[in-house]
Amino acid sequence: MTDYAPPDTPLVILHDDHEIVVLNKPSGLLSVPGKGPELADCLLARVAEAFPTALLVHRLDRDTSGVMVFALTPHAQRHLGLQFERRQAKKTYLARVLGRLEPAQGTVDLPLTVDWPNRPRQMVCHATGRPALTDWRVLRAGDEESRVRLMPQTGRSHQLRVHMRALGHPILGDRLYATGAALDYPRLMLHSEELRLRHPDGGRGIRFRAPAPF
């Protein structure tokens, strides 16, 4: 991990009620604290200052921005946690990737596991990897880059980043998986654009969106 310099920006709250709070996480901020006091600043800690009962449900990579939901009660944490575990919560991401991604849509089905000598990197491994599925749809394509919508069907660590690299189209600005010209960007061009789930109180379907800042 590079030197940690999280953005000093106010919380962007998309929704809050008696069970949940939904935020737009900025790029560069950890979801949860890392090891050591220098990595204590994170979205969970910031949320807890405003919502003292906040509980973690899921994570986004440090350099990924976008929609995150936190539970405000143990019941909500259990309810939401099961939705993520059972793949009932649906996430949609927006990404800019290197080159012209073709065809216009498809699915990546490549198992992933940790690359132990190079942690925290992950890698494709057909022998020991866990199943990982990502659907993609191209929104705009050019010779230099493509703008794509990514819909993960599983929730493996770095899944979208490794899958795009495996296709030969790494996400722009990805310090772990991109090389060369693809690194010449101020941030990781990956944003959690939409989250759909069932509310812990009553089970009604709800959707939260945050437009990509790039």
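The values are calculated or read from the model by the stated rules, or taken from the named source; none is laboratory data. Computed from a prediction, not measured in an experiment: that's the story for all the values here. Cβ sites come from the backbone with ideal geometry, for glycine too, and all protein chains shown count toward neighbours.
Looking only at the range 113-165, filter to residues that are among the small types (Gly, Ala, Ser) and within 25 Å of Ala89 (Cα to Cα); which one of those is surrounded by the fewest Cβ atoms within 10 Å (Cβ to Cβ)? Applying the filter and picking the extreme gives Gly155. Flag set for Asp17, criterion: acidic (Asp, Glu) and farther than 27 Å from Pro120 by Cα.
Every residue, every condition in (1) in contact with a strand residue (DSSP E or B) (Cβ under 7 Å, 6 or more places away or on another chain); (2) within 19 Å of Gln153 (Cβ to Cβ); (3) at pLDDT below 95, yes or no:
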position	(1), (2), (3)
Thr64	yes, yes, no
Thr73	no, no, no
Gln77	yes, no, no
Arg86	no, yes, no
Arg96	yes, no, no
Asp109	yes, yes, no
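The set of residues from the range 1-30 being under 14 Å from the mean Cα position of the chain (by Cα) and either farther than 16 Å from Thr53 by Cα or surrounded by fewer than 16 Cβ atoms within 10 Å (Cβ to Cβ) (or both) comprises Asn24, Lys25, Pro26, Ser27, Gly28, Leu29, Leu30. Only strands (runs of 3 or more DSSP E) whose full extent lies in the range 1-109 are considered here, and the ones with at least 3 residues that are under 30 Å from Thr179 (Cα atoms) and in contact with a helix residue (DSSP H, G or I) (Cβ under 9 Å, 6 or more places away or on another chain) are 90-98. Residue pairs whose Cβ atoms lie under 8 Å apart, separated by 6 or more positions or on different chains, with the first residue in the range 122-151 and within 19 Å of Asp174 (Cα to Cα) and the second acidic (Asp, Glu) and crowded, with 16+ Cβ neighbours inside 10 Å, are Gln122/Asp115; Met123/Asp115; Arg149/Glu193.
Among the residues making up the range 149-204, those that are out of contact with any helix residue (DSSP H, G or I) (no Cβ under 8 Å at 6 or more places or on another chain) and β-branched (Val, Ile, Thr) are Thr154, Val162, Thr179. Taken together, the residues in the range 169-209 that are of a type in the set (Lys, Arg) and buried (at least 17 other Cβ atoms within 10 Å of the Cβ) amount to 1.
Filter the range 82-97 down to residues that are out of contact with any Leu (no Cβ under 6 Å at 6 or more places or on another chain) and in contact (Cβ under 8 Å) with a residue 60 or more places away in the chain and give me whichever is farthest from Met68 (Cα to Cα). If you could, list the steps in order and put the result at the bottom.
Residues of the range 82-97 out of contact with any Leu (no Cβ under 6 Å at 6 or more places or on another chain): 82, 84-88, 90, 92, 94, 97.
From the residues that got through so far, the ones that are in contact (Cβ under 8 Å) with a residue 60 or more places away in the chain too are 84, 87-88, 90, 92, 94, 97.
Details: Phe84: 12, Arg87: 16, Gln88: 15, Lys90: 12, Thr92: 12, Leu94: 15, Val97: 23 Å.
Filtering the range 82-97 for residues that are out of contact with any Leu (no Cβ under 6 Å at 6 or more places or on another chain) and in contact (Cβ under 8 Å) with a residue 60 or more places away in the chain, the one farthest from Met68 (Cα to Cα) comes out as Val97.
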